[in-house]
1. Here are some conditions: (1) of a type outside the set (Gly, Ala, Ser); (2) assigned to a helix (DSSP H, G or I); (3) touching a Leu at 6+ places or on another chain (Cβ under 9 Å); (4) surrounded by fewer than 18 Cβ atoms within 10 Å (Cβ to Cβ). Residue 82 meets all but one. Which one does it not meet?
2. What pairs come out if I take residues in the range 111-128 that are farther than 21 Å from residue 263 by Cα and pair them with residues that are in a strand (DSSP E or B) and aromatic (Phe, Trp, Tyr) whose C-beta lies under 6 Å away, six or more apart or interchain?
3. Which is out of contact with any strand residue (DSSP E or B) (no Cβ under 6 Å at 6 or more places or on another chain), in a loop (DSSP other than H, G, I, E, B), under 26 Å from residue 169 (Cβ atoms) and in contact (Cβ under 8 Å) with a residue 12 or more places away in the chain, of 286, 196?
4. Restricting the search to the range 14-40, which residues are surrounded by fewer than 16 Cβ atoms within 10 Å (Cβ to Cβ) and more than 22 Å from residue 71 (Cβ to Cβ)?
5. Among the residues that make up the range 110-130, is at least one of them out of contact with any Cys (no Cβ under 9 Å at 6 or more places or on another chain), aromatic (Phe, Trp, Tyr), closer than 23 Å to residue 221 by Cα and not in a helix (DSSP H, G or I)?
6. Over 20 Å from the mean Cα position of the chain (by Cα) and closer than 16 Å to residue 128 by Cα: does that describe residue 273?
7. Could you please find all residues in the range 175-202 being open to solvent by 40 Å² or more (accessible area, probe 1.4 Å) and more than 16 Å from the chain's Cα centre (by Cα)?
Amino acid sequence: MKIALAIPTYNAGEQFKEVLNLINKQASQIDYKLVVDSSSTDNTLDIAGNYGFNTKIISKSDFSHGGTRTEIAKKLFKLDYKYLIFMTQDVFLQSEALKNIIEYIKVHDAAVVRGKQEVDLNKGNLFEYFARNQNYGEKNLLYTKSDIAEKGIDTIFTSDAFAIYDLEKLSTVGYFGTSGNVSEDMFAAHKLIQNGYSIGYCSKAKVFHTHNYTIKQEYNRYIPIGNFYKEQHEWISKYGKTNQKGIMLVLNEMKFLVLNGKIYLIPTAVLRNAAKLIGFQIGKRGK
């Protein structure tokens, strides 16, 4: 039962050394480690090679979040790998993260399991810290199609920043598709759940994943998300109204700031959420 780990990269920077070092410390169950690089202009490939990773170079124009991951998964499935862990170049494993996520997918026979992403407050901000805690709780989860009525869009929430896939199950639904530059993980999860597979969350498989986006970056990030929701509306609508969850997140964030004595951050929170909403709506209108 072979297990692979793959990371798409582009100009990963010096921090990539620590990312790979942490993986190597936990890699006793990993049979193949792969970096697929979109023609970086820094020393990403040298770092990957120095840390014992196999490398493949593609052109920057050929990269897409969905299509590139599909090609990786297809190749490894043909080579008889059972499981594939996807990570991004900015994720830092915490203790026993690989062991725990591998064990969870085996025990529960899930199609995909995501790990618990946490924010390093030395690098990030309270807004991101709150959002991560909302989406990545302390309880393990296992969802099936029968949970859609109660859980809605949360049923198919996953993240390729740190997730493990059963490649045989993933192959039956066409992987991540051949294109797509956002939410390829949710698209795959949707197809898996609709075909009778389960989707898991392992709270003990912890990583640090910190962005510290500016308000402008949040705005720009939500434009393609809005466009994705517009283009994929037919199947996303199967999971109910997603705007209700957004409203609750905003209200809970305000409560979080008040309870933690950070009332002075509420104006910034309002601006950040307004930027997300405006970006999302512009994306939905296709502009």
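The values are calculated or read from the model by the stated rules, or taken from the named source; none is laboratory data. This one's a predicted model, so the numbers in the text were calculated from it and none came from an experiment. Glycine also receives a Cβ, built like all others from the backbone with ideal geometry; neighbour counts cover every protein chain displayed. These accessible areas exclude ligands, DNA and RNA; they are computed on the full protein's heavy atoms, side chains included. Shrake-Rupley method; radii C 1.70, N 1.55, O 1.52, S 1.80 Å.
1. Going through the list (1) of a type outside the set (Gly, Ala, Ser); (2) assigned to a helix (DSSP H, G or I); (3) touching a Leu at 6+ places or on another chain (Cβ under 9 Å); (4) surrounded by fewer than 18 Cβ atoms within 10 Å (Cβ to Cβ), residue 82 breaks only (2).
2. Here the result reads 112/165; 114/201; 115/162; 118/208; 120/208, each pair linking the range 111-128 to a residue that is in a strand (DSSP E or B) and aromatic (Phe, Trp, Tyr).
3. On the way: 286 fails: under 26 Å from residue 169 (Cβ atoms).
Just a single option satisfies the conditions, and that option is 196.
4. Listed by number, the residues that qualify are 14, 15, 17, 18, 21, 24, 25, 28, 29.
5. No, that holds for no residue.
6. Values: over 20 Å from the mean Cα position of the chain (by Cα): yes; closer than 16 Å to residue 128 by Cα: yes.
So residue 273 passes the test.
7. From the range 175-202, those open to solvent by 40 Å² or more (accessible area, probe 1.4 Å) are 178-179, 181, 187, 194-197; that's our starting set.
Correct list: 178, 179, 194, 195, 196, 197.
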